[in-house]
Amino acid sequence: MSGSRQRTALRAHQVALRYPGASHLVVANFNLDLASGEIVSILGPSGIGKSSLLRVLAGLHRPVAGFVEVDGAPLEDVHPRLAIAFQNPGLLPWLDLERNVAFGLDFRRQPRLSVNERQARINAAIREVALDHARGLRPSALSGGMAQRAALARCLAREPQVLLLDEPFGALDEVTRAGMQQLLVQVVTDRGSAAVLVTHDIDEALIVSDRILLLGGAPANKIGEWRIDLPRPREDYVAELGHIRIEIVSTLRKAIHHQ
Ligand code: ADP
Ligand code: MG
C-alpha cells in the first residue's frame, strides 16, 4: 500500500452474524477498516465463519448486530462496487468467456451502461487477466487457471472498489496459483481498489497481504492481526516472513486447541 492518507473502501463495525433458527452467533463484534489499495487476508480454522463473514461484507447476508459501510453509506443489499468470487469459478457453461464476463454487469443493482461503456469494461477486464485469445471459448475448453481468471474478469468488469474472494485459488496447482496471486496484487494496485481474501493458505496470505487477520473463538472474532510492510515481490523476504509465519501458526494452533 502506498500513500499515507487512504480512503476507507469498506468498514465493518461490531458486526455479529447468526443463521436463522440457530441459537448461537457465528461471529461477534467484528471490526474492519479496509483502506483503498489494501489487501487484507482472513485466515482461520475450517468452519470458524470466514465464508459467512465474507458474505456479510458482500451484502449477501444481513448482520444481526453492527453494520457494514461502503463509502460511508450503510450496506443493505448487494452493491454495484462490490464483487465476490469463490473457489468454484461459477461460469455459465452455455456462454463463451466474453459473455460470461459480460454477465458480471447483469447482476442485480448494476448501473445501466451505454453499449460502448459496457463493451469497454468487458474488453479491459479480459485484457487485464490476459485472456484476449480465449474470449470465444466455452468454459469447458478453459483450464482451471483460465476459468479462475475469467471469474476474476467478471468481477473486474464491475469496476469494483472492493474484491471479496473466498479461497479463489484453492483448487489450482501451485504454479497457476502463484500466477493468480501476482495477478491479484497487480489488479488491486493498478485499479487502486481493495480486496479481502479468505484463504486457508498461510503462505498465500503472507505473499499477497498488507494485513492478515486470524479468526478464532466461538463466536469467532479476530485473535491475531499482522501488518506486513514488506515490499513485493515477497519472495525476497523469506526470513522476515518466516518469523510472522511462526507466530501465525502458533496462534492458529492455540485457536484449534481451544475449539
Ligand atoms: P469457514 O468458511 O470458516 O469454513 P463457514 O462460514 O462456512 O466457515 O461456517 C461457519 C459456521 O456457520 C459453521 O458452523 C457452519 O456450519 C455454519 N453455516 C454456514 N453456512 C450456513 C447456512 N447457510 N446455514 C446455517 N449455518 C451455516
Ligand atoms: Mg469457507
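In the chain, Rg over Rh equals 0.96, where Rg is the alpha-carbon radius of gyration and Rh the Kirkwood radius from pairwise Cα distances. For Ala35, nonlocal amide neighbours, meaning residues 5 or more places apart or on other chains whose placed amide H falls under 5 Å from its own, are Ala9. Distances between every pair of Cα atoms in the range 44-130, grouped in 5 Å steps from 0 to the bin holding the largest one, split as 3, 11, 18, 20, 17, 15, 10, 5, 1, 0 percent. The Cα trace of the range 88-159 gives Rg and Dmax of 11.1, 32 Å, the first to one decimal, the second as a whole number.
What FRET efficiency would be calculated for the residue pair Gln6, Arg99, taking the C-beta separation as r and a Förster radius of 45 Å, to the nearest 0.05? Could you put the intermediate results ahead of the total?
Working: r = 36 Å, r/R0 = 0.79.
Once rounded, the FRET efficiency stands at 0.80.
Only helical runs count toward this figure. For the chain, summing -39,500 (n - 2.57) over DSSP H runs of n ≥ 4 and dividing by all residues gives -10500 deg cm²/dmol at 222 nm.
Annotation for the range 74-107 versus the range 150-221: alpha-carbon center distance of 16 Å. Using the 1.4 Å probe convention, the accessible area of the range 88-159 works out to 52 Å² per residue with neighbouring protein chains retained.
As a test, work out the antiparallel percent of DSSP beta bridges whose residues both lie in the chain, rounded to the nearest 5. Restricted to the chain, the bridges split so that about 50 percent are antiparallel. In the chain, the portion of solvent-accessible area held by carbon and sulfur atoms comes to 51 percent [1.4 Å probe, whole percent, DNA, RNA and ligands not counted]. What are the ³J(HN,Hα) couplings of the range 188-200, residue after residue, when phi is run through the Karplus curve with 6.51, -1.76, 1.60 and θ = phi - 60°? Round to Hz, x for glycine and proline. Going residue by residue, I get 5, 5, 4, 8, x, 8, 8, 8, 10, 10, 8, 8, 9 Hz, with x marking Gly and Pro. Residue by residue, the range 152-164 carries 3J(HN,Hα) couplings of 5, 4, 4, 5, 5, 4, 6, 6, x, 8, 9, 9, 10 Hz when phi is fed to the Karplus relation 6.51 cos²θ - 1.76 cosθ + 1.60 (θ = phi - 60°); x denotes Gly or Pro.
Rounded, prolate or oblate: which one fits the range 8-65, using the alpha carbon gyration tensor with axes a ≥ b ≥ c (rounded when a/c is under 1.5, else prolate when a/b beats b/c, else oblate)?
Working: a/c = 2.21, a/b = 1.58, b/c = 1.40.
Verdict is prolate for the range 8-65.
The simple spin-label model puts a point 7 Å past each Cα toward its Cβ; for Asn31 and Ala130 those points are separated by 4.1 nm.
Hey, what did the range 88-159 get for relative contact order, percent, Cα under 8 Å, at least 6 apart?
Numbers: 83 pairs, mean separation 38.4, N = 72.
Reported relative contact order: 53 percent.
What fraction of the DSSP beta bridges in the range 150-259 is antiparallel, stated in percent and rounded to the nearest 5?
Details: 6 of 11 bridges.
Approximately 55 percent, going by the DSSP bridge assignments.
Per-residue SASA remark: Glu240, around 90 Å² accessible (1.4 Å probe; ligands, DNA and RNA not included).
In plain terms, the chain from Ala22 to Arg232 could stretch by 71.3 nm, reckoned as 0.36 nm per residue minus the Cα-Cα distance.
Largest to smallest in accessible area, the residues Thr251, Thr8, Thr199, Thr189 fall in the order Thr189, Thr8, Thr251, Thr199 (1.4 Å probe, all protein chains included).
Taking R0 as 25 Å, what FRET efficiency do you get between Leu113 and Val78 from their Cβ-Cβ distance, rounded to the nearest 0.05?
On the way: r = 17 Å, r/R0 = 0.68.
That gives a FRET efficiency of 0.90.
The values are calculated or read from the model by the stated rules, or taken from the named source; none is laboratory data. Values in this document were obtained by computation on a predicted structure and should not be read as measured data. Reconstructed Cβ throughout: ideal geometry from the backbone, glycine too, with neighbour counts over all protein chains shown. Only protein heavy atoms, including side chains, enter the accessible area calculation; ligands, DNA and RNA are left aside. Shrake-Rupley method; radii C 1.70, N 1.55, O 1.52, S 1.80 Å.
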